[in-house]
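Every number here is computed from the coordinates shown, using simple stated rules; none is lab data. Bear in mind the structure is a predicted one, so any value in this text is a computation, not a measurement. Note that each Cβ is placed from the backbone with ideal geometry, even for glycine, and that neighbours are counted across all protein chains shown.
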Amino acid sequence: MQIFHIVIVIFFLLSGIYQLYTGDMPVLAIHYFLIALYFFITYQEWRGNPFSRLIYWLAICLLTADGLANLFIYSYSLIGGVISLIFAFLVWKSSQRLTG
């Protein structure tokens, strides 16, 4: 399962770099980087090396902002907005679990 997370992180990082440098949709690059961040956070949590609460709250804020922007500003990525909001909720639950 950990190898699967690493593959997903690498895939989304490479997709983000591709979108960033081709110039097609640089906003989509930010979305891909945030999805890679989510999977990297969960990968580190599963390995037993969780980040500090500040990183979790930063990821929650960034994923929520990305989700709301994709839902209300950029109309081409409605599914991406919903996925970002779901991942923000899951990071929030992980943060609660670690402090609980």
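The table for this structure:
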| quantity | calculated |
| --- | --- |
| Helix-only [θ]222 nm of the chain, DSSP H runs n ≥ 4, -39500 (n - 2.57) each, per residue, nearest 500 | -29500 deg cm²/dmol |
| Most fluctuating residue given options G23, G67, G81, as computed from a GNM of the chain linking Cα atoms under 10 Å | G23 |
| Projected label distance in nm at L54 and I86, using a 7 Å step from Cα toward the beta-carbon | 3.2 nm |
